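Input: a single structure, listed below in structure tokens.
The values are calculated or read from the model by the stated rules, or taken from the named source; none is laboratory data. What you are looking at is a predicted structure, and each value in this text was computed from that prediction instead of being measured. Don't worry about glycine lacking a Cβ; one is built from the backbone with ideal geometry, like all the others, and counts go over all protein chains shown.
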Amino acid sequence: MNVRDSEHMIAELNKKEPYELTVELSDADLIIINTCSVREKPVAKLFSEIGVFNKHKKEGAKIGVTGCTASHLGKDIIKRAPAVDFVLGARNVSKITEVVDKKHAVEIATDFDESSYDFGEYRSNPFKAMVNISIGCDKTCTFCIVPATRGEEISIPSELIISEITKAVNTGAKEVMLLGQNVNNYGRRFGTSEEVCDFTQLLQKISLIDGLERIRFTSPHPLHMDDTFLHEFATNPKICKQIHVPLQSGSTSLLKAMKRGYTKENFLNRCAKIRNLCPEATISTDIIVGFPSESDADFEETMDVLEQVRFEQLFSFKYSPRPHTEAADFDNQIDNALSGARLTKLQARHTEILDEIMVKQMGAVHKVYFDELKANGRVSGRSDDGKLFFVEGSEELLGKIVDVKVTKVSRGALDGVLV
Ligand code: SAH
């Protein structure tokens, strides 16, 4: 989502005057640090980065801080780092052209509605597009700062989504990634009959777009994975067979304390349904270890879900107390060393599982969509189920979907040959 926000900022700036991206800090007239605030570490990094940028930047170059940390720290960023010229919150991306010329402008309102704003067009990869389908988040997960930084959830009207995807397809994108904090909660607030459209219906409408071959989305919420949606996922040939099912914890009592709205059993049931309806699908997840009061037994419940579902991809984090969240004030915060040990154990077991999964890929054939030219005559792309592939080749492969046979397996990626 932050990558997409960055693309939107570039597009908007380009409406005003032409900007070019540079990798040379000393060439830049404008430096934008687009931040996350989900965990504390990136926030700490922000201020050291501002220092480095300020020291090495060109005379007169501007520095802007945008994104979720901008939303929640606001003008304090300028107080602490006066070298910062403007601060723009995650819900105010469309105002980039206003703040860029105002010294010490701060635009961070989390009730600003840009759900029907017509952003300029810019894609960092010509072969695939990211498209927001909702902004904000209506959940009350007790660990999560996102609702405080991105505001309430608003779905983007389906005709705008369709028109944005159609434009992207007409300029070379065969794949779209639909973005939202809870994509499968799409349309919850739509009132009138012309508006009514849930996520499953949206997927059906999008898959009618001629020339669009692949649809991905992130993140769906386990609570909203009803049978109709899972059936659409499994049977619609344009929907890529890769699904993120964020667990957070395998312990039902911790899930309750996190206000996730599902139990361990509900979660396992949804994953079993996916495996059953669509055995070729890969499942990824997010797990937090060391949430307040997590006991050894709670943690073992998480390990048990890992064993049962055997996720193809795991994003795992130590719990990080965040401002504006309930859990930051919970008793029984877990000792950092204990959280660290649990994270190591979880990741080590997942690595073993992943090695077992990947080794079975040797010789398998996947349809790979090539979208990036690498160094040394290699081209990369992804299979329908999200695996990263590398083959020998040239730019002629870019934008094509080709059968590839796996010749070498490693944990994060596969080498292959065209067949
Ligand atoms: N709406 C998305 C979450 C986006 S944040 C979803 O429900 O999937 C991405 C991930 O960061 C979360 O799934 C969670 O695993 C992690 N996360 C969020 N808050 C956190 C915190 N306070 N400490 C550690 N990890 C956190």
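Name the helices (runs of 4 or more DSSP H) wholly inside the stretch 254-360 in which the number of residues that are hydroxyl-bearing (S, T, Y) and over 22 Å from the mean Cα position of the chain (by Cα) is 2 or more.
The helices (runs of 4 or more DSSP H) meeting that bar are 336-359.
From the residues in the stretch 119-163 that are part of a loop (DSSP other than H, G, I, E, B) and among the β-branched types (V, I, T), which one is farthest from Y262 (Cα to Cα)?
I156
Identify, from the list I156, I162, the residue that is in contact with a Lys or Arg (Cβ under 7 Å, 6 or more places away or on another chain), closer than 24 Å to E213 by Cβ and without any contact (Cβ under 8 Å) to a residue 60 or more places away in the chain.
Only one candidate qualifies: I162.
Which condition number does A328 fail, the rest of (1) within 14 Å of the ligand (Cβ to nearest atom); (2) farther than 18 Å from V146 by Cβ being met?
The one condition A328 does not meet is (2).
Checking R411 against (1) surrounded by fewer than 17 Cβ atoms within 10 Å (Cβ to Cβ); (2) among the basic types (K, R); (3) at pLDDT 95 or above, which test does it fail?
Going through the list (1) surrounded by fewer than 17 Cβ atoms within 10 Å (Cβ to Cβ); (2) among the basic types (K, R); (3) at pLDDT 95 or above, R411 breaks only (3).
So in the stretch 20-35, with the set limited to residues that are surrounded by fewer than 17 Cβ atoms within 10 Å (Cβ to Cβ) and in a loop (DSSP other than H, G, I, E, B), which one is farthest from the chain's Cα centre (by Cα)?
Among them, the one singled out is D29.
If a residue has to be more than 18 Å from T228 (Cβ to Cβ) and not hydroxyl-bearing (S, T, Y) to count, how many in the stretch 181-201 make the cut?
Of the residues in the stretch 181-201, 5 are more than 18 Å from T228 (Cβ to Cβ) and not hydroxyl-bearing (S, T, Y).
Could you check how many residues of the stretch 37-85 are crowded, with 19+ Cβ neighbours inside 10 Å and within 24 Å of the chain's Cα centre (by Cα)?
Summing the residues that are crowded, with 19+ Cβ neighbours inside 10 Å and within 24 Å of the chain's Cα centre (by Cα) in the stretch 37-85 gives 13.
Among (1) over 30 Å from N332 (Cα atoms); (2) assigned by TED's automatic domain parsing to the domain that holds L346; (3) among the acidic types (D, E); (4) crowded, with 16+ Cβ neighbours inside 10 Å, where does E280 come up short?
Against the list (1) over 30 Å from N332 (Cα atoms); (2) assigned by TED's automatic domain parsing to the domain that holds L346; (3) among the acidic types (D, E); (4) crowded, with 16+ Cβ neighbours inside 10 Å, E280 comes up short only on (4).
What residue, among those in the stretch 225-253 that are part of a helix (DSSP H, G or I) and hydroxyl-bearing (S, T, Y), is nearest to V183 (Cα to Cα)?
Once the filter is applied, the top-ranked residue is T228.
Take the residues in the stretch 166-194 that are polar (S, T, N, Q), at pLDDT 95 or above and in a loop (DSSP other than H, G, I, E, B), then tell me which one is farthest from the chain's Cα centre (by Cα).
T171
Go through the stretch 127-163 and report how many residues are of a type outside the set (S, T, Y), within 15 Å of the ligand (Cβ to nearest atom) and closer than 19 Å to S207 by Cβ.
2
Return the residues of the stretch 319-338 that are crowded, with 18+ Cβ neighbours inside 10 Å and either in contact with a strand residue (DSSP E or B) (Cβ under 6 Å, 6 or more places away or on another chain) or among the hydrophobic types (A, V, I, L, M, F, W, C) (or both); say none if nothing qualifies.
Correct list: Y319, A327, I334.
Please enumerate the residues belonging to the stretch 291-310 that are within 13 Å of the ligand (Cβ to nearest atom) and buried (at least 21 other Cβ atoms within 10 Å of the Cβ).
F291, E294, T302
Name the single residue that is nearest to I288 (Cα to Cα) among those in the stretch 27-45 being away from the ligand (no atom under 14 Å from the Cβ) and modelled with pLDDT of 95 or more.
In this case the residue turns out to be N34.
Scanning the stretch 1-19 for residues that are within 12 Å of R123 (Cα to Cα) and of a type outside the set (D, E, K, R), which turns out surrounded by the most Cβ atoms within 10 Å (Cβ to Cβ)?
M9
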